[in-house]
Amino acid sequence: LNECERVFETDQRVAKDFAFHQAIARGAHNPVIASLLLVITPDVLKYYQKYKVCSVPSEEVIREHRNLLRYIKERNAEAAADELRKHLSSLYEFSQTHNTVDYVMN
């Protein structure tokens with residue numbers, strides 16, 4: 001794939017990931033999380049692209065989404081919370097190691 005195709009595929013994957021999380025927030029009737037996602041997503045996408053925050057293979061992301069959805073359907077809150085923590089771990093690790101003002105402002 002050429003660079004443009006890779007960027008397009010990445011953008012599509014990120015958009016689908018955002019839509020998945022937005023649907024969960026709406027399905028949980030949690031307007032605060034749904035609104036928060038709308039507010040932070042532009043910055044998340046910017047940093048995702050600039051610093052390649054999430055280098056997790058898409059197969060793993062899909063598996064985590066399926067597990068998360070299954071736990072939600074089963075009403076297994078503890079397993080769903082654990083899966084979500086696992087799913088967001090790379091973003092959390094990034095935020096812990098790159099939280100200086102100089103890094104964020106560049």
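The residues of segment 83-97 that are closer than 14 Å to residue 69 by Cβ and either of a type in the set (Asp, Glu) or at pLDDT below 75 (or both) amount to a single one, 83. Run residue 44 past the list (1) at pLDDT 80 or above; (2) open to solvent by less than 100 Å² (accessible area, probe 1.4 Å); (3) not small (Gly, Ala, Ser) and report the number of the one that doesn't hold. All conditions are met except number (1). Selection over segment 1-31 of residues that are closer than 29 Å to residue 74 by Cβ, at pLDDT below 80 and part of a loop (DSSP other than H, G, I, E, B) gives a count of 0.
The values are calculated or read from the model by the stated rules, or taken from the named source; none is laboratory data. All figures in this text were calculated on a predicted structure; none of them were measured in a lab. Using ideal geometry, Cβ is built from the backbone for each residue, glycine included, and neighbour counts are taken over all protein chains shown. Heads up: the accessible areas ignore ligands, DNA and RNA and are worked out on the full protein's heavy atoms, side chains in. Shrake-Rupley method; radii C 1.70, N 1.55, O 1.52, S 1.80 Å.
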